[in-house]
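Undergrad: I'd like to ask some things about the structure below.
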Amino acid sequence: MAFRWFRRRPAPAPDPIAAYDDLVSDLSAEAAELRRAAATLLTVRARLGRELAGIEQVGRTLRDRADRARAGADRRSADVLSTDVEREERRATALREELARTESDVEQLEEAARRVAGQVDQLRSERDLAAARFTAGTALASEALRSRADRVRRLVAVDAARDEVERAHALAEVWREDGEGSEDAKR
């Protein structure tokens with residue numbers, strides 16, 4: 001009996017609604033992280049777009065100068081400017097490819113964020129339904145326990161009443177026997 005104090009108590013039953021809340025919280029954080037990453041890539045996309053526009057502007061300017069140098073018969077300047085134009089076109093092509101990859105990544109991240117946000121919404125509604133069912137089930141169980149406890153209390157009261165009736169019958173029997181014994185003694 002003394003060792004009862006040292007026994008481990010069983011862990012309380014896990015709260016099913018808390019499991020929903022944990023998952024919803026994790027998925028919400030994941031969706032927020034995906035949106036943050038998409039926003040970062042949108043910033044990168046804007047920067048790449050500005051760089052591409054600047055490179056294209058420099059390329060047009062260099063092309064115009066190269067055309068004027070060719071028209072003015074300045075072959076050496078035309079060759080140097082043509083080389084610069086080619087270099088700027090390669091940079092522009094690389095930036096266009098990077099911009100296309102960034103666009104693709106942004107779309108994928110946005111789609112993933114929408115998908116996770118949809119899961120969060122679905123889990124929240126499922127959680128609300130589960131909470132309602134859990135509350136209703138708990139209320140029904142507690143009402144059933146209350147009803148059973150009330151029934152047991154009434155049964156105990158009926159048993160006590162039966163005991164009291166039996167005691168009263170026994171007392172009446174004793175009085176009757178005492179009464180018969182005193183009548184026999186008078187005779």
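The values are calculated or read from the model by the stated rules, or taken from the named source; none is laboratory data. This one's a predicted model, so the numbers in the text were calculated from it and none came from an experiment. All Cβ positions, glycine included, derive from the backbone under ideal geometry; neighbour counts span all protein chains shown. Ligands, DNA and RNA are stripped out before the accessible areas are found, and what is left, the full protein with its side chains, is counted by its heavy atoms. Shrake-Rupley method; radii C 1.70, N 1.55, O 1.52, S 1.80 Å.
Undergrad: How many residues are in a loop (DSSP other than H, G, I, E, B) and touching a residue at least 60 places away in the same chain (Cβ under 8 Å) if we restrict to region 55-112?
TA: Result for region 55-112: 0.
Undergrad: Next question, about the same structure. Does residue 96 satisfy the criteria of being exposed (fewer than 13 other Cβ atoms within 10 Å of the Cβ) and either touching a strand residue (DSSP E or B) at 6+ places or on another chain (Cβ under 9 Å) or at pLDDT 85 or above (or both)?
TA: For residue 96, the condition - exposed (fewer than 13 other Cβ atoms within 10 Å of the Cβ) and either touching a strand residue (DSSP E or B) at 6+ places or on another chain (Cβ under 9 Å) or at pLDDT 85 or above (or both) - is not met.
Undergrad: Return a yes/no flag: does region 120-141 have any residue that is exposed (fewer than 15 other Cβ atoms within 10 Å of the Cβ) and modelled with pLDDT of 90 or more.
TA: There is at least one residue in region 120-141 that is exposed (fewer than 15 other Cβ atoms within 10 Å of the Cβ) and modelled with pLDDT of 90 or more.
Undergrad: Output the residues belonging to region 113-132 that are touching a residue at least 40 places away in the same chain (Cβ under 8 Å), under 13 Å from the mean Cα position of the chain (by Cα) and farther than 21 Å from residue 38 by Cβ.
TA: 123, 124, 126, 127
Undergrad: Still on this model: Go through (1) at pLDDT 85 or above; (2) closer than 30 Å to residue 123 by Cα; (3) open to solvent by 100 Å² or more (accessible area, probe 1.4 Å); (4) of a type outside the set (Val, Ile, Thr) for residue 12 and report which single condition fails.
TA: (1)
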